[in-house]
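Trainee: Before we start, here is the structure in question, set down as structure tokens.
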Amino acid sequence: MSRDLPPLNALRAFEAAARLQSVSRAAEELHVTHGAVSRQIRVLEEQLGLGLFDKDGRGVKLTAAGVRLRDATSEAFERLRDTCATLRRETEERPFVLGCSGSLLARWFIPRLDRLQRELPELRLQLSASQGELDPRSAEVDATLLFADPPWPSDMQVFELAPERIGPVLSPRYGNHAQLAAALPEALYAEPLLHTTSRPQAWPQWAHAQGLAPERLQQGQGFEHLYYLLEAAAAGLGVAIAPQTLVADDLRAGRLVAPWGFVETSGCLALWTRRADPRSERLAHWLREELTT
């Protein structure tokens, strides 16, 4: 005797029709047509080799076999619903671990964390700062926030949040700030340019966009992390190149200035997750809104 189950769609259609005692109401509940429910019930009857419903005027009446199957399917689907609800609740209750670079965390995310916690209190966010290369596939995080270039890998769900824009920034206390800020970008040929060892292509990218010759730029002090780079720029040690997102608060506060503006790169700030998760979708929506205000 075969122990194969009939198609799940057929069992769902039968369970709904039997519970509601109406094919039409079952179709409404399942968001399908009356004919679709009827066809699924016929498939089930053919596989079982017996009838499950008798015509009863304008409605339907279960046969003895139909009553037995209704009781079994109702119990099974109720257990499934309860188990899924429990799993969803447990998922919502555990912390949502977000991986992020230390620089992005310190300069953009943490200043907005209080607002995020007020607006998405159910998220129970736990932050995981990385000083090295971020791994979105790590099992230790639920999602990862990072700058990256498409195309995106097919095994990841990626929410694009905002295009990456980079540009030179310097302190208002920098030695010849006033003259430099009023000059054309070519004036940077004579300046020591601060950079990060993790983003050596940033200055050449910006130079190409401005029509400058990257080989004429003078590489100044290098820093391992963007956070240190921007602190050095704020201390007046030179001109740094940085994503606009990471210096937005410093520009508003007047701690840094960006005389030549910013240019878009091919990348963007994105939220990566290994699997579909409603919490990732809510966080991505919040981040997207925050980045555009």
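Trainee: Considering each of 106, 85, 26 in turn, give the residue that is hydrophobic (A, V, I, L, M, F, W, C) and farther than 27 Å from residue 139 by Cα. Can you show your working first?
Mentor: Values: 106 fails: farther than 27 Å from residue 139 by Cα; 85 fails: farther than 27 Å from residue 139 by Cα.
Criteria check complete, one pass: 26.
Trainee: Could I ask something else about it? So residue 110 clears everything in (1) among the aliphatic types (A, V, I, L, M); (2) modelled with pLDDT of 90 or more; (3) over 30 Å from residue 272 (Cα atoms) except one condition, right? Which one?
Mentor: Result: residue 110 passes all but (3).
Trainee: Considering (1) outside any helix (DSSP H, G or I); (2) without any contact (Cβ under 8 Å) to a residue 12 or more places away in the chain, say which one residue 169 fails and leave the rest.
Mentor: (2)
Trainee: Of everything in the stretch 10-36, what is part of a helix (DSSP H, G or I) and farther than 16 Å from residue 52 by Cα? Give them in sequence order.
Mentor: Listed by number, the residues that qualify are 24, 25, 27, 28, 29, 30, 34, 35, 36.
Trainee: Let me ask you something else. Can you tell me which residue is surrounded by the fewest Cβ atoms within 10 Å (Cβ to Cβ) among those in the stretch 243-268 that are among the aliphatic types (A, V, I, L, M) and more than 12 Å from residue 202 (Cα to Cα)?
Mentor: Step by step, filter the stretch 243-268, then rank; the result is 253.
The values are calculated or read from the model by the stated rules, or taken from the named source; none is laboratory data. Small disclaimer: the values here were computed from a predicted structure and weren't measured. Using ideal geometry, Cβ is built from the backbone for each residue, glycine included, and neighbour counts are taken over all protein chains shown.
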